[in-house]
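Below is one structure, written out as structure tokens, with a few remarks after it.
The values are calculated or read from the model by the stated rules, or taken from the named source; none is laboratory data. What you see is a predicted model; the values in this text were computed from it and never measured. Cβ: placed from backbone, ideal geometry, glycine included. Neighbour counts: every protein chain shown. SASA here: full protein model, heavy atoms, side chains in, ligands and nucleic acids out. Shrake-Rupley method; radii C 1.70, N 1.55, O 1.52, S 1.80 Å.
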Amino acid sequence: MSIKKNQKLRNLDPHLKREKERYKSPLPSREYILQILQQQGIPLAEQVLQKLLDITKKEEELFNRRLTAMMREGQIFRNRKGDLCVMEKLDLIKGRVQGHPDGFGFLIPDDASPDLYLSAKEMNKALHGDRVLVREIGLDRRGRREAAIVEVLEHTNTQLVGRLYIDHGILYVVAENKRISQDILIANEHSLKAKAGQIVIVEIIQQPNKQTQPIGKIIEILGDYTAPGMEIEIALRKHDLPYIFPPEIEKLSAKFPKNVLKKEFKGRKDISHLPLVTIDSETARDFDDAVYCEDNGDGYRLYVAIADVSHYVKPKDAIDQEALSRGNSVYFPRRVIPMLPEALSNELCSLNPDKNRLCMVCEIQFQNNGEILDYVFYPAVMRSHARLTYNLVAAILANPKGAEAKEHAALLPHLQRTNKLFKALLKARKKRGAIDFETTETQMFFNDQGKIEKIVPVQRTEAHRLIEECMLAANVCAADFLQKNGQTTLYRIHESPVPEKIEALRNFLKEFGIQLGGKTKPGAKDYAQTLLKIQGRPDAQLLQTVMLRSLKQAIYSPDLTGHFGLAYDAYTHFTSPIRRYPDLLVHRAIKAVLNGETYTPGDWHELGQHCSMTERRADDATRDVESWLKCFYMQDRIGECFDGVISSVTGFGLFVALDGVYVEGLVHISELPSDYFHFDAAKHVLLGERSGKQYRLGDRLRVKLVRVDLETSKIDFVLAEPDKKPAPVKTPAKDQTKNQAKAKTKTKAPAKAPVKGKKSHS
């Protein structure tokens with residue numbers, strides 16, 4: 001093939017114009033490289049491909065980088081000879097590795113096809129999270145699709161946190177992320193003289209392969225495993241949570257004024273005369289929202305004022321990029337990792353009492369029955385007239401002539417009007433059919449050493465629900481406003497349960513003589529009506545738990561599919577821009593509409609996926625911390641017996657949540673009475689083959705604490721007094737149900753609420 005012909009071939013690239021716009025010296029596009037390889041019909045050596053496309057000597061390095069990127073993304077593959085192959089022509093599957101603590105793993109394919117099993121031998125070639133190419137090799141002994149790793153496309157673990165062990169002079173680190181089961185070897189010269197048992201940060205300098213284990217070097221020593229606060233330091237690094245603001249952001253933060261400047265009042269409505277108040281927990285430090293309600297005879301006018309973070313945080317600036325990376329604030333027990341620097345989150349943006357603050361207002365007109373009649377959004381200047389707490393407001397409303405009410409006499413009429421509106425909103429909620437699951441929030445109390453002293457239930461007052469309903473109304477208006485004006489945004493969506501889950505739930509409920517309405521497509525109202533039917537039953541907690549597990553998880557997305565649980569056609573998050581990035585995006589979108597513009601921050605779907613990920617990441621990190629703290633709390637109680645309720649049934653045993661302790665542990669299947677027990681996932685039960693003995697979700701047990709493992713954050717129980725019934729609960733059936741619901745709680749997301757002092761706006 002002549003040079004002239006080669007040049008002509010290169011010029012036939014259909015994406016040449018695009019490449020010229022991107023690069024001064026354009027290379028053949030990825031699409032065209034794939035096209036040429038496919039046309040050749042055989043694997044090609046890189047040199048042959050270079051000659052075919054007339055790649056010059058100067059272009060070789062850049063061309064090689066393009067090929068490497070294509071290999072990393074699984075578009076092409078280099079075989080054993082080094083020749084380049086088109087992935088689509090090979091029977092290889094691309095995906096992400098998901099490790100298991102027991103050493104094996106799974107491939108999660110990119111095309112959403114069923115997972116493939118990876119043996120422990122195959123897992124020696126990669127780490128959890130790595131992107132790989134695999135070849136399906138058949139079925140394992142359990143009938144699962146099994147695969148062999150052909151190539152690691154991308155190593156995603158460059159650093160990890162773990163605990164150092166020294167065994168006969170050999171140093172190795174065991175990762176805190178138990179999905180990484182390979183030990184990381186450490187050379188003596190790379191140990192920083194860390195001691196056995198210390199928590200360290202390791203940089204991986206050699207990734208694993210089929211011949212060798214991963215090798216790393218210690219770059220930071222965090223300290224002893226049981227040091228106060230160490231559980232949080234571990235969680236931050238284990239879950240890759242950004243927790244240190246870069247120097248650039250610290251410099252920018254220092255430039256913000258301490259108070260709102262008068263020149264910033266321009267173009268804003270002055271509502272500082274309205275007696276807006278914030279209502280939060282005692283421990284809250286950042287105040288996103290304030291409310292004020294008027295009774296105008298034929299209805300109510302509610303003002304929901306939200307901190308105007310978007311005035312200070314501009315798109316694409318350093319603070320915005322860091323906030324996007326964090327996605328949300330993370331609330332650990334006794335420590336907060338804020339989304340925004342404190343100069344904004346706790347000062348300039350926070351609606352602190354008796355301070356002028358910039359805000360975005362959602363002013364809503366309600367009918368007397370709680371239905372929304374009209375609403376309007378506008379930027380404003382406000383002044384919080386009081387910083388109130390849930391407990392204080394609950395006390396004022398419960399006793400309008402009490403000491404608390406007298407102390408805040410000027411605010412009493414306002415609070416009573418807001419409470420009247422809340423009652424109307426509550427009726428509207430029930431009419432709409434929103435789902436209300438009974439759950440118990442808990443609060444951890446700590447000693448001077450930073451360890452749990454006790455865990456107590458938090459009483460959810462009318463004040464909690466009052467604020468929640470006000471925020472829900474503002475969020476609904478925000479979604480409606482953006483939808484009607486054709487502005488894309490991130491909605492908070494909660495999709496309907498999948499048919500398989502609904503069918504399993506129906507079959508389960510039938511055994512208890514309960515029917516879920518809605519035929520093949522039950523709605524939120526059908527769920528709500530079923531929950532009403534089971535109130536007061538001794539098995540209500542069991543039935544509620546199974547219903548809850550049939551639902552999907554709420555996420556962020558630009559696709560308007562509605563919020564199933566809240567029974568809204570359109571719902572978004574507008575009320576917490578200090579601590580949630582999606583709310584900040586919604587504020588910018590609303591401002592754009594008000595200014596006659598369109599807001600386009602980038603790919604809305606990617607933003608939704610990222611914000612959903614950071615939310616799950618925060619939940620996982622706080623769950624890890626709380627689990628470890630509970631283990632530490634329980635380690636001195638080994639040998640004690642407790643009453644509890646079965647909160648989960650698995651093929652390997654029963655998880656039991658303890659009454660009054662709010663801690664959960666496992667009764668392994670081997671600890672059950674001598675028999676062969678079979679797990680029925682649909683019925684949530686372990687059934688004894690010979691004895692017929694069954695252990696079902698919601699059953700009460702008396703257990704004995706036998707083991708606490710701080711390294712794995714696991715608590716093990718055995719059955720106590722197996723021949724005797726557990727101690728009866730001395731309460732009426734309805735109260736018993738509530739107590740069981742409390743026992744079920746694992747201090748998951750709810751445990752954060754009282755510590756961080758924020759509302760749940762679904």
Where the second residue is open to solvent by 70 Å² or more (accessible area, probe 1.4 Å) and of a type in the set (D, E, K, R) and the first is over 19 Å from Gly486 (Cα atoms) and lies in the stretch 592-618, which pairs have Cβ atoms under 8 Å and are six or more apart or on separate chains? Arg617/Asp240
So which of Val661, Val649, Val656 ends up being among the β-branched types (Val, Ile, Thr) and out of contact with any Leu (no Cβ under 7 Å at 6 or more places or on another chain)? Val661
May I ask you to list the residues in the stretch 373-427 that are farther than 24 Å from Asp308 by Cα and β-branched (Val, Ile, Thr)? Val393, Ile396
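Looking only at strands (runs of 3 or more DSSP E) that fall completely inside the stretch 612-692, which ones have 1 or more residues that are among the β-branched types (Val, Ile, Thr) and buried (at least 22 other Cβ atoms within 10 Å of the Cβ)?
641-650, 653-658, 664-668
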Being within 26 Å of Ile249 (Cβ to Cβ), open to solvent by 20 Å² or more (accessible area, probe 1.4 Å) and in a strand (DSSP E or B) is the filter here; which residues of the stretch 329-382 pass it? Arg335, Val336, Asn356, Pro379
Over the stretch 609-637, the set of residues over 20 Å from Tyr331 (Cβ atoms) and either at pLDDT 95 or above or aromatic (Phe, Trp, Tyr) (or both) is Gln609
Going through the stretch 577-598 one residue at a time, which ones are open to solvent by 30 Å² or more (accessible area, probe 1.4 Å) and either under 19 Å from Ser557 (Cβ atoms) or assigned to a loop (DSSP other than H, G, I, E, B) (or both)? Asn595, Gly596, Glu597, Thr598
Can you run down the residue pairs with Cβ atoms below 6 Å, 6 or more apart or on separate chains, where the first is in the stretch 166-187 and within 24 Å of Ser713 (Cβ to Cβ) and the partner is among the basic types (Lys, Arg)? Val174/Arg163; Glu176/Lys238; Asn177/Lys238
Kindly provide the set of residues from the stretch 177-186 that are open to solvent by less than 50 Å² (accessible area, probe 1.4 Å) and either within 10 Å of Val200 (Cα to Cα) or outside any loop (DSSP other than H, G, I, E, B) (or both), ordered by number. Ile184, Ile186
Please go through (1) part of a loop (DSSP other than H, G, I, E, B); (2) surrounded by 19 or more Cβ atoms within 10 Å (Cβ to Cβ); (3) free of Cβ contacts under 8 Å to residues at least 40 places away in the same chain for Ile514 and return the number of the only condition it doesn't satisfy. (2)
Go through the stretch 267-310 and give me each residue that's farther than 17 Å from Glu468 by Cα, in contact with a Phe, Trp or Tyr (Cβ under 7 Å, 6 or more places away or on another chain) and of a type in the set (Gly, Ala, Ser). Gly299
Restricting to the stretch 111-146, and then to whatever is open to solvent by less than 20 Å² (accessible area, probe 1.4 Å) and not in a loop (DSSP other than H, G, I, E, B), can you tell me which residue is farthest from Ile93 (Cα to Cα)? Met123
